[in-house]
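These notes concern the structure reproduced below.
Where a number appears in this text, it was derived from the coordinates with a stated rule and is not lab data. Remember, it's a predicted structure, so these values are computed and weren't measured experimentally. Quick reminder, even Gly has a Cβ in these numbers, built from the backbone with ideal geometry, and neighbours come from all protein chains shown.
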């Protein structure tokens, strides 16, 4: 209903501008249509950097001057009790619409554009910080979120309870969940293996669906859901949490890596690509998302796919790419991964669950594109671009060389 009302008001606004044009007030009609667009451009676009400073500065100056002129005209009309109310209404509508555009703009875009303007006069210098040697610092310290999710009892396999803490970084802020797990369940699962009959779907589904271990995944997903203002932020927390679990380098090095249940990955707080992907797929399924495993046979690698708008799907799979082995930006699929390098093959899609789409994933798409452009620019950046790189690294908890 709200969307229909907004479209109706916008249509009325455009018709009002057309009336001014047809009545011979060409400049009024043009400004009614152009001014809000200029405002939207200024506050709703993330400019690429200092090279666009002149564009941003010109738009800012123009919109400021036009806004000031309109305010003066509006006041003059009101004070002079003009008998031409249509123009007064038009000016008031223009200011209201432009204010709505500003209010609806992303604050991060505003911050970035004004930050870019402040650095517009700065150019790259020989001593600029190097990406390879930089350490961006820890994520913003916030009170750690202790959402305890106890393991339900009654399985007969509890054993000695242990408490595990799982940390994550979301938009530069750190948080954590605690989870009670049991050695008896871990030991029992170690003796169970799904049978493989040539079809990876039922095989990996057996790891995700196992009843005793699934209780812990359900509890953790419930805590994540409670802590998140929106479903998509819940997905972001789950992704960041699994990515932050240490990779099992020892198992990879000594050749003992074998697929384990999500419960075991939580219990040991470590895992290789397949194990961490199974855990993330299980969490996203519990959070209500359409999810699949993406198996790269030639590279012997596995990642996770989450249902998303078609424009953001990885290689036509219908799913957005999520690397589970290390902190990274969702949809960023051009990095090099542990024991794998770059992914070049077309993955086998192993559906785990139907569910909702990650509708706001455009936030990650834009950040991934910017991050990759910054990395491709070379090891030395000018101050503005280096600050942007630092902000992205901090926002996603990406690990960098010391």
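Could you calculate the contour length gain from residue 167 to residue 253, that is, 0.36 nm times the residue separation minus the distance between their Cα atoms, to one decimal place in nm?
Details: separation 86, 0.36 × 86 = 30.96 nm, distance 2.53 nm.
In short, 28.4 nm is gained.
Once the C-beta distance of residue 19 and residue 200 is scaled by a Förster radius of 60 Å, the resulting FRET efficiency is 0.40 to the nearest 0.05. Measuring r between the beta carbons of residue 387 and residue 336 and using R0 = 35 Å, the FRET efficiency lands at 0.90. Stretched out straight at 0.36 nm per residue, the stretch from residue 230 to residue 211 would grow longer than its current Cα-Cα span by 4.1 nm. Rounded to whole Å, give me the distance from the Cα center of region 215-230 to that of region 280-316. Cα centroid of region 215-230 versus Cα centroid of region 280-316: 20 Å apart.
Which whole-number percent is the relative contact order of region 229-328 (Cα, under 8 Å, 6+ apart)?
Values: 154 pairs, mean separation 28.2, N = 100.
That works out to 28 percent.
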